[in-house]
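See below for the structure under consideration.
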Amino acid sequence: MTKKKLNAALRDLSESAFDFLERSVDEIELSPKYSVIHFATAVELILKARLMREHWTLVVDRASDVSLGDFLSGQCKTITQADAIKRLNNACSENISKDAIAQFGKIAAHRNRMIHFFHEGIAKQADQALTEGIAKEQCLCWFYLERLLSAWSDQFAEFDAKITGIRWRMKQNRAFLGVAFDRLKSQIKADKKAGTIFQVCSGCGYEAAAVTELSDILFEKHCRVCGLGEAYVEIPCPGECGATLHIEANSGSYICKNCKHHVTSEELASALNTEYSSPTDVETPVNCALCSGYHTVVQHHENFICTECLGTANSAPTCEWCNERQIGGGDLEYSYHSGCEFCEGQAGWTHDE
Ligand SMILES: [Zn+2]
Ligand SMILES: [Zn+2]
Ligand SMILES: [Zn+2]
Ligand SMILES: [Zn+2]
């Protein structure tokens, strides 16, 4: 009985999330305020729905004071979006990247500003700059959200049709960035002539992402229209077919289109690892605080790189408490006391006793 009620509550929550998202993508031009509010709310609800599937207490603030009855009747305080993400990464071993977290945080802050300080009035004609800014923001959020949704496809399978519809509408909304692209066109053309390579941006779909070569196999592209930064690797297929594979950050399991070879994370790590090490060496594993990747970091020339999110850093300090190394988590100066991304430090240790 309770299980049934919980499942119904989870369904309602997910349903609500996709409703908000559907609305948001339709409102961008005529109700920009509600488009922002609804999009931000959808993001928050999707994260909470994913968390609730793990266990309902995870979405509740101060869970020890709350009964299941309170929860089901909506009489309890739920956690913030930032805490929901923390719990997904820590308790559910998800790898929500720092970039995604930052983008979701931005739209949440934007929602708050819209609620408090923006009066929409009756929109007679679209405010081009406003629409453009919102379209940009939604492209970036959707880029990260869509990745999560495809990683969680089993969890939201019953919403497949809705997600497909939203994906289609998001692509339509890219047209609102056409003016921005036109503004940049002549500069892009000039830079192309001068040798810069441009690729289609995965966020906004315009061929405006300028490529920087970081090493012979590691590249970065930055979109001039929507601002999305993406890293990718180009390596010959380890499955013998020899085709050049274009593997983007956080792409999960990568399958060669040519020979269907499944590229393992070990293969990607050995392609990126430029450090010779003898099999007898005992090396300290390196973690990634940028995506919560555990032992995912290898040395790539003078930098360290995470084989999961392709985040890079020029140093990998050691945590004084757990003795593991990590990138992307600051200099770990007080780590003996406060730990790192992967441990609680001495404070967490004594706190448990
Ligand atoms: Zn873009
Ligand atoms: Zn292949
Ligand atoms: Zn990483
Ligand atoms: Zn540690």
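Please report the net charge: other residues with Cβ closer than 14 Å to the Cβ of residue 18, K and R +1, D and E -1. Within the 14 Å Cβ shell, the charges total -2. Quarter the surface of the alpha carbon convex hull of the chain and you get the mean projected area, 22.7 square nanometres. Overall, the accessible surface of region 2-178 at a probe of 1.4 angstrom is composed of carbon and sulfur to the extent of 52 percent.
In terms of the mean number of neighbouring beta-carbon atoms within 10 Å, the peptides 253-261, 52-60, 105-113, 40-48 order highest first as 40-48, 52-60, 105-113, 253-261. Using R0 = 30 Å, the C-beta based FRET efficiency linking residue 175 and residue 258 works out to 0.35.
Dividing the radius of gyration of the alpha carbons in region 231-328 by their Kirkwood radius gives 1.00 for Rg/Rh. Ranking 36, 80, 350 by how far each Cα lies toward the positive end of the dipole of the chain (charges on Cβ) leaves 36 at the top.
Of the residues 215, 203, 247, the one whose Cα sits farthest towards the positive end of the charge dipole of region 196-272 is 203 (charges of +1 on Lys and Arg Cβ, -1 on Asp and Glu Cβ, taken about the Cα centre). Simple spin-label estimate for residue 102 and residue 240 gives 4.3 nm between the two label positions (7 Å along the Cα-to-Cβ direction from each Cα). Taking amide H as placed 1.01 Å from N in the peptide plane, residue 235 has its amide H under 5 Å from the amide H of 245, 247, each at least 5 places away in sequence or on another chain. Inter-label distance, residue 168 to residue 350: 6.1 nm, where each label sits 7 Å from its Cα along the C-beta direction. The antiparallel fraction among DSSP beta bridges confined to the chain stands at about 90%.
Basic side chains Lys and Arg get +1 at the Cβ, acidic Asp and Glu get -1 at the Cβ, and with that the dipole of region 1-83 about its Cα centre reaches some 400 debye.
Measuring against 18 Å, Cα to Cα, the residue pairs 171/193; 136/193; 33/136; 86/106; 33/185; 48/77 contain 171/193; 136/193; 33/185 as the ones spanning a longer distance. Extension gain, residue 86-residue 191: 0.36 nm per intervening residue step, less the Cα-Cα distance, totals 33.7 nm.
Residues in the chain average 53 Å² of solvent-accessible surface per residue, probe 1.4 Å, ligands and nucleic acids excluded. You can think of it this way: the chain between residue 115 and residue 265 has 49.6 nm of extra reach, that is 0.36 nm per residue less the Cα-Cα gap.
For a modelled paramagnetic label at residue 211, 7 Å from Cα along Cα-to-Cβ, the residues of region 235-258 in reach, with backbone nitrogen under 13 Å, are 235, 244-248. Rounded to the nearest 20, the size of the Cβ-charge dipole of the chain about its Cα centre is 1660 debye, with Lys and Arg at +1 and Asp and Glu at -1. Measuring between their Cα centroids, region 7-32 and region 249-272 lie 34 Å from each other.
The values are calculated or read from the model by the stated rules, or taken from the named source; none is laboratory data. Quick caveat, the model's predicted, so the values are computed rather than measured. Reconstructed Cβ throughout: ideal geometry from the backbone, glycine too, with neighbour counts over all protein chains shown. Protein only, heavy atoms only, side chains kept; ligands, DNA and RNA dropped before computing areas. Shrake-Rupley method; radii C 1.70, N 1.55, O 1.52, S 1.80 Å.
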